[in-house]
Amino acid sequence: MAGMVDRCPTGVAGFDKLCQGGFVRNSDNLIVGGPGSGKSTFLLQFLWNGAMQFGENGLYCSFEPDIVDTLNDAMAYGWDFSKLSGEGKIKFMRFAPQTSIEDLKSELTSVIARNNIKRICFDPISVLALNLSEKGKIRQTIFDLSSLMKRLKVTTIFSDESLEEGWISGVSNGDWTKTDILRFLSDSVSVFYESGITGVSDRAVRIAKMRRTAHERKAVGMGISDKGIEVLGSPGVVTEE
Ligand SMILES: Nc1ncnc2c1ncn2[C@@H]1O[C@H](COP(=O)(O)OP(=O)(O)O)[C@@H](O)[C@H]1O
Ligand SMILES: [Mg+2]
């Protein structure tokens, strides 16, 4: 029934308004964008708000070399995760890119159950695919991982930096990247642009798809400040609140 979809609000200023209140609960969602486009910031903000505003525990799974960098980035936005971490509300885990999918799944299953995790982020999922050579294997791995997350009733965000210019402009050159399959499998895809395409701001975000959601389809302006990400209202319109 319309309006009955349970939402998982991001709490990111302006974003939830674009999509009827947030991500669909227990869905898997993809954030795709080039380096510096704000993907990690969005993920951290989603987890911070989850714990601070919505009473939902979170897990941040990093495939980057150093998790300390991530924690320092968060601190610069005023999000001190060490306290939440001490209280068991947020967990940070680092996985080596060569971690097997079986190890990843069993580790995640126990951490999610033990800590009552409701929100999980994988940053960036493209790293996991690096050592998987065949397309079929990547598809299976990603499919396995997102089905497990759904069974465990968590709302998932994957970040993916393997962005092709052609995909941004909507004209594919036929050169699909390894993790393109995520765009088909995910329940939602949001594209982050690190240069403005709306003419009113220096960054933008476009929700390309979100199942079960009447969402804004145009790119809208976005900003990053020392408070994190703010989405700036309707397309081409900067709203003052
Ligand atoms: N205090 C700030 N004010 C304005 N912009 C900032 C601030 N802190 C970080 N940024 C911007 O955010 C970017 C970091 O985004 P990040 O979330 O790490 O991107 P990604 O994960 O997509 O590579 C920086 O490159 C910088 O442009
Ligand atoms: Mg990042």
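The values are calculated or read from the model by the stated rules, or taken from the named source; none is laboratory data. Please read these numbers as outputs of a predicted model, since none were measured by experiment. No Cβ is skipped: glycine too gets one built from the backbone with ideal geometry, and neighbour counts run over all protein chains shown.
If you go through the range 53-62 one residue at a time, do you hit one that is touching a Pro at 6+ places or on another chain (Cβ under 7 Å) and in a helix (DSSP H, G or I)?
Within the range 53-62, none of the residues are touching a Pro at 6+ places or on another chain (Cβ under 7 Å) and in a helix (DSSP H, G or I).
Give the residues of the range 127-170 that are closer than 16 Å to Asp187 by Cβ, among the hydrophobic types (A, V, I, L, M, F, W, C) and either at pLDDT below 70 or more than 16 Å from ligand 2 (Cβ to nearest atom) (or both), sorted by residue number.
Passing the criteria: Ile142, Phe143, Leu145, Leu148, Met149, Leu152, Val154.
So, of the residues in the range 26-45 that are more than 6 Å from ligand 1 (Cβ to nearest atom) and in a strand (DSSP E or B), which turns out to be farthest from Asp16 (Cα to Cα)? Spell out how you get there, then give the answer.
Initially, the range 26-45 is screened for residues more than 6 Å from ligand 1 (Cβ to nearest atom), giving 26-32, 34, 42-45.
Checking which are in a strand (DSSP E or B) leaves us with 28-32.
Values: Asp28: 16, Asn29: 14, Leu30: 15, Ile31: 15, Val32: 17 Å.
Filtering first and then ranking leaves Val32.
Against the conditions (1) buried (at least 21 other Cβ atoms within 10 Å of the Cβ); (2) on the phi > 0 side of the Ramachandran plot, where does Gly55 fall short? Just the number, please.
Unmet condition: (1).
Filter the range 64-83 for residues that are in contact (Cβ under 8 Å) with a residue 24 or more places away in the chain, surrounded by fewer than 21 Cβ atoms within 10 Å (Cβ to Cβ), within 14 Å of ligand 2 (Cβ to nearest atom) and not charged (D, E, K, R) and give the result.
Of everything in the range 64-83, those that are in contact (Cβ under 8 Å) with a residue 24 or more places away in the chain, surrounded by fewer than 21 Cβ atoms within 10 Å (Cβ to Cβ), within 14 Å of ligand 2 (Cβ to nearest atom) and not charged (D, E, K, R) turn out to be Ile67, Thr70, Ala76, Tyr77.
If you go through the range 1-43 one residue at a time, how many are surrounded by 16 or more Cβ atoms within 10 Å (Cβ to Cβ) and at pLDDT below 95?
Adding up the residues that qualify gives 5.
Could you grab me the full set of residues in the range 64-98 that are of a type in the set (Asp, Glu) and either part of a helix (DSSP H, G or I) or out of contact with any Asp or Glu (no Cβ under 9 Å at 6 or more places or on another chain) (or both)? Give the steps one after another, and end with the answer.
At the first step, the residues of the range 64-98 found to be of a type in the set (Asp, Glu) are 64, 66, 69, 73, 80, 87.
Scanning the range 64-98 gives Asp66, Asp69, Asp73, Asp80, Glu87.
Name the pairs whose Cβ atoms lie under 6 Å apart, with the first residue in the range 180-195 and under 15 Å from Ser147 (Cα atoms), the second away from ligand 2 (no atom under 15 Å from the Cβ) and in a loop (DSSP other than H, G, I, E, B), and 6 or more positions between them or separate chains?
Asp187/Ser27; Asp187/Arg211
Select from the range 210-223 the residues that are modelled with pLDDT of 95 or more and touching a helix residue (DSSP H, G or I) at 6+ places or on another chain (Cβ under 7 Å) and write down the one among them that is farthest from Arg25 (Cα to Cα).
Out of the qualifying residues, it is Glu216.
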